[in-house]
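Remarks on the structure that follows.
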Amino acid sequence: MNYLILDSLSKFSDYYGSDYEVEFPTNSGEMMNIKDAAEGVSRRLLAMFVPNEEGVVPMYDGHEKLHEDSHLFFEYFDGDTGKGLGANHQTGWTGLISEIILQLHKK
């Protein structure tokens, strides 16, 4: 779902251009163009997969065995914390994080 949203934001950005602005994050009062907002969403999504300041990967928080053997992706996540919630042997849609990383590094 996240990848489809990012793909749609990219298409909207191409159509509306850089003059059209949206509030991001919601209720922040900060306005930016759609392309920058999509990049912000991408970075927030990517943050679930990389170690935070404490060295904990948010999606593996509470899953010590998986944290040590961190080549598995979850398919479901807690919307507030990013913690993986189930189906941890998946590489379907979640595997598209690699495409999001590629898009971020093209900039």
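Read the figures in this text as sums done on the coordinates, not as results from a lab. No experiment lies behind these values; they were computed from the predicted model shown. When we count neighbours, we look across all protein chains shown, and the Cβ atoms used for this are built from the backbone with ideal geometry, even at glycine.
Worth a mention:
- Exposure here means at most 11 other Cβ atoms within 10 Å; with GluC sites (Glu not before Pro) in a DSSP loop as sites, the longest stretch of the chain lacking them is 55-107.
- Under the criterion of Cα pairs below 8 Å and six or more residues apart, the relative contact order for the chain equals 18 percent.
- Over all directions, the projected convex hull of the C-alpha atoms in the chain averages 7.5 nm² in area.
- Paramagnetic label zone (point 7 Å from Cα along Cα-to-C-beta, residue 103; backbone N under 16 Å) in segment 8-28: 8-17
- Spin-label model, residue 76/residue 8: points 7 Å from Cα along the beta carbon direction are separated by 2.2 nm.
- Sequence-distant residues sharing a close amide H with residue 73 (under 5 Å, placed H): 90
- Each Lys and Arg contributes +1 and each Asp and Glu -1, all at the Cβ; summed about the Cα centre of the chain, the dipole is approximately 300 debye.
- For the chain, calculated [θ]222 nm from helices alone, where every DSSP H run of n ≥ 4 adds -39500 (n - 2.57): -11500 deg cm²/dmol
- The H on the amide N of residue 82, modeled in the peptide plane, is under 5 Å from the matching H of no residue at least 5 residues off or on a different chain.
- Reciprocal mean inverse distance between Cα atoms of segment 1-57 - Kirkwood radius, Å: 12.3 Å
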